[in-house]
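The numbers here are math on the coordinates, done by the rules we state, and not lab data. Because the structure is predicted, anything quoted here is derived from the model rather than measured. As a convention, Cβ positions derive from the backbone with ideal geometry for all residues, glycine included, and neighbour counts pool all protein chains shown.
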Amino acid sequence: MSHDLSSFRRQLHELQQQLPALLQSFLGREPLLPGSMYTLRRRCGKPTCHCARGELHASTVLSYRGQGRPQNITPPPEQVSTVQKLTDDYRQFRQARSQLLRLQRQVVELIDGIEAARVQEGERRFQKLRDSFPPHPRR
Ligand SMILES: [Zn+2]
């Protein structure tokens, strides 16, 4: 139905408008580090330390899953923000990639819908034309 067609076309147009901003996130040059940062809170074990009373020591740990097996690495405090930026950029890149995959799937679904609607119209038009075709010559 043409009602479907215009709805599919409108949705496809909306997706088309999302694409440039999404692709922009892949055009950056920032280095990416596959990993994530988390805060580790723990006791050091000294019975007189404040951590024994519940004020745990906090350190920022990099969960690094680059080459080889995953590792937990504690960067020196002055490097934390640099490493954080690398992993943040990586996470954003991966999120954009997932978004792109979702968008791609939606686009293909819409395209299939558009194809079905347009084929239906084509068939209808062809049936009408066919009525006016001269009879098939016989040998
Ligand atoms: Zn302690």
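Side notes on the structure shown:
- Qualifying residue in segment 62-80 (condition: of a type in the set (Ser, Thr, Tyr) and in contact with a Leu (Cβ under 8 Å, 6 or more places away or on another chain)): yes
- Among the residues of segment 51-64, not one is of a type in the set (Asp, Glu) and either surrounded by 15 or more Cβ atoms within 10 Å (Cβ to Cβ) or in contact with a Phe, Trp or Tyr (Cβ under 7 Å, 6 or more places away or on another chain) (or both).
- Whichever residue in segment 30-48 is more than 29 Å from the chain's Cα centre (by Cα) and exposed (fewer than 13 other Cβ atoms within 10 Å of the Cβ) and, among such residues, is nearest to the ligand (Cβ to nearest atom): 44
- Output for segment 100-114, where each listed residue is surrounded by 12 or more Cβ atoms within 10 Å (Cβ to Cβ) and within 20 Å of residue 5 (Cα to Cα): 103, 104, 106, 107, 109, 110, 111, 113, 114
- For segment 49-80, taking the residues that are of a type in the set (A, V, I, L, M) and within 16 Å of the ligand (Cβ to nearest atom), the one that is farthest from the chain's Cα centre (by Cα) is identified as 52.
- Within segment 25-79, the set of residues being closer than 24 Å to residue 98 by Cα and in a strand (DSSP E or B) comprises 35, 36, 37, 38, 62, 63, 64.
- For segment 56-71, the set of residues classified as within 15 Å of residue 34 (Cα to Cα) and free of Cβ contacts under 8 Å to residues at least 24 places away in the same chain consists of 67, 68, 69, 70, 71, listed by residue number.
- Only listed residue being exposed (fewer than 10 other Cβ atoms within 10 Å of the Cβ), more than 30 Å from residue 7 (Cβ to Cβ) and of a type in the set (S, T, N, Q), chosen from 67, 71, 84: 67
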